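Have a look at the structure below, then the notes.
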Amino acid sequence: MNDLTARGWSVVCTALGSVLLLVGILAGLVNHNVLDGPRFAAHVDAVRRDPAVSRQVGQAITRRVLAADPNLIAVRPLIESVSTSLVGSPVFSPVVRAAARQLHGAFTDENPGQIVLRLVDVGAVLAGVLPALSPQAAARVPADLDVTLAQIGRRSYAAQTIHLTRLVGLFSWLLPLTGLLVLGAGIVIAPDRMRAAVRTGWGVTAGAVVVGVLALTATILASVLDEGTLRGALTAATLRVYGGPLWWAAGITAAAGGLIVLTAKARIAQVDLAAESRRIWTWLRRRPDRRWPGIARGAVFVAVGVGVILRPALVFGVLAGVAGIVLVLVGVGEIATAIRSKGVPGGARSWRAMRGPATAVGVAVALVVALVAVDAAPAERRISTVAANTTGCNGHVELCDRRYNDVAFPATHNAMSAADEPGWFIPEQPTGLVGQLDAGVRVLLIDTWYGQTTQRPGVIATAPRSHAAALAEAKRLYGDAAVTSALRLRDAITTTPTGPVRPYLCHGLCEIGATEFEPAMVQVRAWLAAHPREVVTLFIEDSVTPADTAAALDQAGLGPYLHTQQRGQPWPTLGQMIDSGRRLVVLMERHGGGKKYPGLLPGFDVVQDTPFTNPTAADLSCVRNRGSAGSPLLLLNYWLSNLHQVVTDARKINAYDVLWPYLEKCRRERGMIPNYVAVNYYNEGDVFRAIDRLNGVH
């Protein structure tokens, strides 16, 4: 191959490698910021909290309120202020992020079925929660208030998006790797490798310019969009959120390309980079001798000046970005000067001549590889679980030889009612079932009811045959005022049952929160499979028949895990339960499974508990409520029944100095270890520390 042909192929390799590297970096940015579930959810939440978005949504809510009751115009500023603050509040972050991840899964996960996004139904929140917080404020809110911010239904495009997701994930590492190899080949085959290195550096820098132009375009569009409309505010916020990663990628890529260019040019000409920088600055300040360059220079100054007057934040932001990239290039120039070796100038190929540029190229490649490694990391699309315990039983070797009824377990009251699960109002736990198991909870107190899907995707209605009982249960749990709010909520969202009747995890009325039972149990089974040294208990307040409960557990794959306990027989040790594989205890409050379903144990035949209606900490007692004095297991219902301060109540009574004396008191009075310590908001206080001490493993 002659020099001319070799140079031609080298140029082709440089151009092709630069394009591959650019496309790969863009694919990596998409993979890192869009296809990664948690990061996508964080971006959605950041958009929701953008002041302009919050303001526009608050104004939309206000308009709906005034349309329903024009007389409220007198307090319009108050309504708008409260609505705006509510929409932008960090309180909704867990709900919004969980819903965004659900949307993300609808288009990136292969799980079948319908997955729905409901970010926030602000009208429902006002209708259902305000009565408990401020009856006076609630009286001014129309009963039929219904404001839905976002709703996406069936997975009609999931197949295409899942395929696209796979391609982007593949391209995010394959294209940059191929691009670097092709660029390297372009240098190797060139007759003058120093000049080929310069071309390579300029090719990489050109890619940085393209990414920078995209970032600049996003910045400019975000600044000129009309944020006086909800669509404009949402678009501008999205551009701002996703523009940041583009600037980062542009800066890192520019640093890599500039380092290669400056080092290679310095190697060729043995130039003084500092002197070159001064000459460039002198050239920029010098007035052009010819007419058109002078006009162009003046036009640039005028444009920048007008921009500073009209859009100072935008112009100074852009100038700051450009200045940052210039500083990066000056910095890499200094690095290039420092590592440049003395030796033979020009295109010489001796090691002494090449080692300086080789070092610079190595640093540049390391920068690009680091960028690619971060962006091409496999996207996390599902909730991860803690590492499985491979020794001991429930985390402690000391518990393996203890019988089940001699062990204390952290328990959660209304475990299905979670702040990070979409659609749950007045939640009593911070996370869903898997999150609780990950945190160390081992007893889940859940309620089952029959529900139906409705014409509104994701909204569940209590099945007609369960409605009367659910209403009575809701009144018993929450009182008439809260039930009235729930009914107003149900009426406001005008649901019509359309789907088959199925078991759900509900607070009686599924309209104020529902999770389908069987899929939730599938998650529990997956968790148990991943954690083979853990014993878990479900205590079910069952308004679903034993037959349907058993069927759902079997369909979820939990049948082989169910422990069967003969009446009057001693409980096995945790180690024996783990060795047998029968390490899931299922207790039923109302209807045991009998001989037909022996894995569904009659709860209050084996459990005695304490009262569960306690308005204040002083009302917490250790007296027996349900179950017989001879029941071998003790459940402490340790929460306060105040819906309007459930988190602060949990923080107060879950504190170690409050919880531990209570546990000791109940152990003395009842003459047995408290087996299930059921709390609200398990993450508040020191629940796990107190229970470890109760087990003697602290």
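The values are calculated or read from the model by the stated rules, or taken from the named source; none is laboratory data. Keep in mind it's a predicted model, so treat the numbers as computed, not measured. So basically every Cβ, Gly included, is an ideal-geometry build from the backbone, and we count neighbours across all protein chains shown. Calculation scope for accessible area: heavy atoms of the full protein, side chains included, ligands and nucleic acids excluded. Shrake-Rupley method; radii C 1.70, N 1.55, O 1.52, S 1.80 Å.
With R₀ fixed at 30 Å, the C-beta to C-beta distance from residue 526 to residue 697 puts the FRET efficiency at about 0.65. Taking a point 7 Å from the Cα of residue 89 along the Cα-to-Cβ direction, the residues of the stretch 409-438 with backbone N closer than 19 Å to it are 418-431. Amide H contacts of residue 402: 574, 575, each under 5 Å away and 5 or more positions distant or on a separate chain (H built 1.01 Å from N in the peptide plane; Pro and chain starts excluded).
Based on protein heavy atoms only, the stretch 1-65 ends up with 42 Å² per residue of surface accessible to a 1.4 Å probe. Spacing of the modelled spin labels on residue 579 and residue 406, each 7 Å from Cα toward Cβ, amounts to 1.5 nm. For the stretch 509-580, the solvent-accessible area of protein heavy atoms averages 37 Å² per residue (probe radius 1.4 Å; ligands and nucleic acids excluded). In order along the stretch 14-24, the phi-based Karplus estimate (6.51 cos²θ - 1.76 cosθ + 1.60, θ = phi - 60°) of 3J(HN,Hα) comes to 5, 5, 5, x, 5, 5, 4, 5, 4, 4, x Hz; Gly and Pro are listed as x. Between residue 67 and residue 686, the simple spin-label model (points 7 angstrom out along Cα→Cβ) gives 5.4 nm.
Per the Cauchy relation, a quarter of the hull surface: what is the mean projected area of the convex hull of the alpha carbons in the stretch 552-698, in nm²? Before the final figure, lay out each step's value.
Details: hull surface 40.4 nm².
Averaging across all directions leaves 10.1 nm² for the Cα convex hull.
Taking amide hydrogens as placed 1.01 Å from N in the peptide plane, the amide H of residue 504 sits under 5 Å from those of 449, 450, 451, 517, each at least 5 positions away in sequence or on another chain. Estimated at 0.36 nm per residue, the fully extended path between residue 4 and residue 625 surpasses their Cα-Cα distance by 214.1 nm. The string of couplings for the stretch 233-240 from the Karplus curve (6.51, -1.76, 1.60, θ = phi - 60°) is 5, 5, 5, 5, 5, 5, 4, 5 Hz, one whole number per residue in order, with x for Gly and Pro.
Taking a Cβ cut-off of under 13 Å around residue 442, the surrounding Lys, Arg, Asp and Glu residues balance to a net charge of -1, with basic ones at +1 and acidic ones at -1.
With R₀ fixed at 22 Å, the C-beta to C-beta distance from residue 655 to residue 613 puts the FRET efficiency at about 0.55. By accessible area, using a 1.4 Å probe on protein heavy atoms only, the stretch 605-693 has 50% of its surface on carbon and sulfur. Placing pseudo-labels 7 Å out from each Cα toward the beta carbon at residue 595 and residue 498 gives an inter-label distance of 4.6 nm.
Using the Cβ of residue 50 as centre and a radius below 11 Å, the other residues enclosed give a net charge of +2, where K and R count +1 and D and E count -1. Positive end of the dipole of the stretch 494-606 (Cβ unit charges, origin at the Cα centre): among 566, 538, 550, the Cα lying farthest that way belongs to 566.
For the stretch 514-562, what % of the accessible area comes from carbon and sulfur atoms, probe 1.4 Å? Before the final figure, lay out each step's value.
Numbers: 810 of 1540 Å².
So the carbon and sulfur contribution to the accessible surface is 52 percent.
Proximity of backbone amide H atoms, modeled 1.01 Å from N, is registered between residue 445 and 412, 414, 415, 539 at under 5 Å, excluding neighbours fewer than 5 places apart on the same chain.
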